[in-house]
Amino acid sequence: MRIVQALAPVVDLVFPPRCPLCGEGIGGQTGLCAACWGELAIPGEPACVTCGRPFGDGVPEGAICAPCLESPPRHDGIAAATLYNDASRKLVLSLKHGNRISLAPMMAGLMAARLTSVDAGYIVVPVPLHRWRLWKRGYNQAAELARAIARRTGAGLAVDALVRRKATPSLGGLGKKARKRALSGAIGVNRRWAARLKGAQVVLVDDVLTSGATSDACVSALKRAGAQKVVVACFARVLDEALDLA
Ligand SMILES: [Zn+2]
Ligand SMILES: [Zn+2]
């Protein structure tokens, strides 16, 4: 028996398991209550074949969404566990600012369910945090998700494959061009991983995918380093890009 399992009854006694969203008592430390599970919006079909953006009904199979048609993305697909709404927002904020790292395995489980083709042949790479932010927060929430996804899928883990060379301002509220400018040169590949990334299949992990500007910069850096395939995985995908997520 693993020590975590051995301790579980004690932990449950001292901290009775509660749903992290509503505080309702639940059966285990790592889930949500049934009502809150129902609040999460899981992206459905039909969806854009390029980026997985869900369409309304009546769109033929194989269709591509307008943003992908306008500028064909460099990534090789987006796997979103949920669509951004009140419930997923609360989970993301608890993971990010609430010190609830314990939520990572559950959230990563939902992400891994969308990554069925990912196996030991892949490398999981988190979107990097600038070291000042890392220092202030103590952890990179994307790295915690990446770690749990690697564990679940058997893929390799490269927590520091990408580095932020400069701190970028919050991108919320910036236009497309301004975002690109703010990110230019901000993200690069760690030299130590350069050889491993050549020809690699990569899962790029972030908690929230908003405009895609940050993930695009990461995908570009990985492809420049020779990655053959980069799939973007996020816990919550924002479809209304006007939302300000600062
Ligand atoms: Zn609940
Ligand atoms: Zn699309």
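In square nanometres and to one decimal, what's the mean projected area of the convex hull around the Cα atoms of the chain? Averaged projected hull area, Cα only: 14.4 nm². Of the residues Leu209, Ala186, Gly58, the one whose Cα sits farthest toward the positive end of the charge dipole of the chain, with +1 on the Cβ of Lys and Arg and -1 on the Cβ of Asp and Glu, is Ala186.
Neighbour counts of C-beta atoms inside 10 Å place Phe235, Phe55 in the sequence Phe55, Phe235, starting with the fewest. Lysine pair count for region 41-245 (Cα-Cα distance under 19 Å; residues 8 or more apart in sequence or on different chains): 7. Taking the helices alone, the chain has a mean residue ellipticity at 222 nm of -10000 deg cm²/dmol, built from -39,500 (n - 2.57) per DSSP H run of at least 4 residues and averaged over all its residues.
Considering only alpha-carbon pairs that sit under 8 angstrom and 6 or more positions apart, the relative contact order computed for the chain is 20 percent. Going from the residue with the fewest nearby Cβ atoms within 10 Å to the one with the most, Leu91, Leu69, Leu174 rank Leu69, Leu174, Leu91.
Think of the chain as having a plus end and a minus end, set by charges on the Cβ of Lys, Arg, Asp and Glu; of Pro16, Ala225, Val125, Ala225 sits farthest toward the positive end of this dipole. Plainly put, region 133-246 has a radius of gyration that is 0.95 times its Kirkwood radius, both from alpha-carbon atoms, as the Rg/Rh ratio. Only the Cβ atoms of Lys and Arg (+1) and of Asp and Glu (-1) were treated as charged; on that basis the dipole of the chain about its Cα centre amounts to roughly 1520 debye.
Each value in this text was obtained by applying a stated rule to the coordinates, not by laboratory testing. Computed from a predicted model, the values in this text were never measured in an experiment. Cβ atoms come from the backbone with ideal geometry, glycine included; neighbour counts cover every protein chain shown.
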